[in-house]
Amino acid sequence: MGDVDRLRSEPPWWQPWRRRSEKRSGLALLTVPLVVVFGAAALGNALAPALVDDQPELLLALNATTRHLLLTSTSVDVVPWVLLGLGRRLLEDPFLYFIGRWHGDDALAWVERKAGGGRWLDLVRRRFRLLGYPLVALAPGGVVCLLAGASGMGPVAFVTLNVVGTLVTLAALRRFGEEAAAPIDAVVAFAGEHVIPLTALTVALTAAWLWRRRGTERLTPGAEPTAVTSGDGRAALATGRGATAGAPAPPAASRALPRRRRRARR
């Protein structure tokens, strides 16, 4: 049975549920790898002092931040350093891009709510067709990747800009690491000499950061952006199925109330 025949054979009330289920399944396929990547990044941050001296390649594989790239630039050969840095920094970007491409409204509403609806985000959203290409090349963070997908940027353009921009960033970091080799080696040696207290400190800091983020709300597929007014009167977007607090009741509910009153009078 083809898709058209299947849709015709389904009762009308079932089709919205099926679409919502398919949307949830597609979002799960994209968010599960992001959770794994997020866990690896947290582990890399927590164990950085223990790994930077003894296993720098593993540190880059877990989390290739700018700090970790600089600290490993003098101890890892250029080819594996570039490959690990490039692969790890690009790992989550395609998933974020396709979340924005397939769930644009929900994703952007969630981002705007978590970012507080700041002027920078509003400006980037309005001007993304103009600013999108340099942003993807120079600063392909999570918000930028979501906006790239939601704005309709083609996958080929996104991947090309992302790869070229990341390679340029790696080249600049490698060059800086070579020029600052002496202080970088001193920092790595200090971490190796005080690995236990430094690792305990970074584990505690990472745990505290994760604890602060424990209440972060998840993006709910199929949820419609709901207008919420902040304390200073500015309108922000929130994602939710419920009615906005303070909003007027739906017409059906307002019509049902007089009927109940008439029945009570009788």
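The values are calculated or read from the model by the stated rules, or taken from the named source; none is laboratory data. The structure presented is a predicted model; accordingly, all values stated were derived computationally and were not measured. Cβ: placed from backbone, ideal geometry, glycine included. Neighbour counts: every protein chain shown.
Odds and ends about this structure:
- A180 being surrounded by fewer than 16 Cβ atoms within 10 Å (Cβ to Cβ), modelled with pLDDT of 50 or more and within 30 Å of the chain's Cα centre (by Cα): no
- When every residue of segment 117-139 is checked against the conditions, none turns out to be in contact with a strand residue (DSSP E or B) (Cβ under 7 Å, 6 or more places away or on another chain), more than 27 Å from V168 (Cβ to Cβ), at pLDDT below 80 and surrounded by 21 or more Cβ atoms within 10 Å (Cβ to Cβ).
Here is a yes/no grid of residues against (1) modelled with pLDDT under 95; (2) part of a helix (DSSP H, G or I); (3) of a type in the set (V, I, T); (4) touching an Asp or Glu at 6+ places or on another chain (Cβ under 8 Å):
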{"site": "R20", "(1), (2), (3), (4)": "yes, yes, no, no"}
{"site": "R24", "(1), (2), (3), (4)": "yes, yes, no, no"}
{"site": "L27", "(1), (2), (3), (4)": "yes, yes, no, no"}
{"site": "G39", "(1), (2), (3), (4)": "yes, yes, no, no"}
{"site": "L51", "(1), (2), (3), (4)": "no, yes, no, no"}
{"site": "P80", "(1), (2), (3), (4)": "no, yes, no, yes"}
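- Of the residues making up segment 82-94, those that are farther than 9 Å from C145 by Cα and part of a helix (DSSP H, G or I) are V82, L83, L84, G85, L86, G87, R88, R89, L90.
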